[in-house]
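Novice: Sharing a structure below in structure tokens format, with a few things to ask.
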Amino acid sequence: MFDLESLMQQQVEPKDLRKRPKGFQKWLSYLWPQRVLSKSSNYTGNLLLLAWRGKYMLDTERVNYSFGSLHTIMEKTLAELKVRHALFDRVLMLGYGGGSAAEIIHQHYQREAAIVGIEIDPVVIELAKSYFYSKGVRILQENAFDYLRKASENSWEYDVILVDLFIDDIVPEAVTQEDFIKQLALVAPEGAIAINTMKDALGQFSSANQLLPLVKEHFKSVSTMDVNAYNRVIFCSKF
């Protein structure tokens, strides 16, 4: 039977998503994680490039940065945004990492999405371009808070804003400030926003609890989703 749905999916799927491990490294990666290289970063300490289950992953000593558990978080987050009828024509990623979300958007939601990725760490950007996903994405090495302020001052607008800002496993204090939330509201006046948070050292969602009252002051629709035992995503929009 002719399956138009499958044919359309094949047509929009990027042909070259990202590099994959090869040879013995690939096969050994199905047994246990293979360390490919490590790089020192002034922002996140030691970054580890691993081969695991036939794919590359980017980790710090404590958390996954891209294409591991974070990829699953982004899959669930983007699926929820789609259910909420979010558009993906213009997307802003605050905290780019290896580009997990960008790949998912281009592969499953909007092949021609114009994505701007803001990443302060040049080492992460180098690894993203060498091993992960940068195709069709404008990646800027910039402080995310500076970029958001500039965007709000210049009336730049996005359909979706993904906030994935961490110092290792800690949400920066600036994310929980009202100025940040106000600027998000200005830059996505008719769009949807997803803010990824994590449990703190005491096992509490302290950042999410700080954010919720502020977000509710500036957005009509606010909800949360626990995507796993450690990450809570806050969704907000003005509609």
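Novice: Could you work out which residue, out of 95, 191, 45, moves most in a Gaussian network model of the chain, that is, has the largest mean-square fluctuation with Cα springs under 10 Å?
Specialist: Result: 45 has the largest fluctuation of those listed.
Novice: Find which of 41, 71, 25 sits farthest along the positive direction of the dipole of the chain, computed with +1 on the beta-carbon of Lys and Arg, -1 on that of Asp and Glu, about the Cα centre.
Specialist: Positive-most Cα among the choices belongs to 25.
Novice: From the cross-link list 82/129; 129/199; 55/199; 150/199; 76/182; 182/220, which pairs have alpha carbons spaced over 18 Å apart? Don't jump to the answer; show the numbers that get you there.
Specialist: On the way: 82/129 27 Å; 129/199 30 Å; 55/199 27 Å; 150/199 30 Å; 76/182 26 Å; 182/220 13 Å.
Cα-Cα > 18 Å for 82/129; 129/199; 55/199; 150/199; 76/182; rest within.
Novice: How big is the antiparallel share of DSSP beta bridges in the chain, given as a percent to the nearest 5?
Specialist: Numbers: 28 of 46 bridges.
The antiparallel proportion sits near 60 percent.
Novice: Find how many whole Å separate the alpha carbon centroid of region 150-172 from the alpha carbon centroid of region 198-239.
Specialist: Cα centroid of region 198-239 versus Cα centroid of region 150-172: 15 Å apart.
Novice: Moving on to the next point. Dipole of region 66-237, Cα-centred, from +1 at each Lys and Arg C-beta and -1 at each Asp and Glu C-beta, to the nearest 20 debye?
Specialist: Taking the Cα centre of region 66-237 as origin, the dipole is about 440 debye.
Novice: Continuing with the same structure: Go through region 140-239 and name the trypsin sites (Lys or Arg not before Pro) that are in a DSSP coil and have 13 or fewer other Cβ atoms within 10 Å of their Cβ.
Specialist: The qualifying sites are 220.
Novice: Identify, among 95, 170, 187, the residue whose Cα sits farthest towards the positive end of the charge dipole of region 66-237, taking +1 on the Cβ of Lys and Arg and -1 on the Cβ of Asp and Glu, with the dipole about the Cα centre.
Specialist: 187
Novice: What ranking of 230, 147, 133, 30 emerges when the number of other C-beta atoms within 10 Å of each C-beta is taken as an exposure proxy, fewest first?
Specialist: Ordered by Cβ neighbours within 10 Å, fewest first: 30, 230, 147, 133.
Novice: Tell me, what is the FRET efficiency for residue 239 and residue 149 to the nearest 0.05, using R0 = 30 angstrom and their Cβ-Cβ distance as r? Before the final figure, lay out the partial values.
Specialist: Values: r = 24 Å, r/R0 = 0.81.
So, using R0 = 30 Å, E works out to roughly 0.80.
Novice: Select one label from [x] 27, 19, 19; [y] 61, 29, 12; [z] 28, 23, 17: the one whose number is semi-axes √(5λ) of the Cα gyration tensor in Å as derived from the coordinates shown.
Specialist: Given [x] 27, 19, 19; [y] 61, 29, 12; [z] 28, 23, 17, the structure-derived one carries the label [z].
Novice: Among 96, 158, 109, determine the one that fluctuates most according to a GNM of the chain built with springs between C-alpha atoms less than 10 Å apart.
Specialist: Highest fluctuation among the options: 109.
FYI, it's all coordinate maths here, none of it is from the lab. All figures in this text were calculated on a predicted structure; none of them were measured in a lab. Using ideal geometry, Cβ is built from the backbone for each residue, glycine included, and neighbour counts are taken over all protein chains shown.
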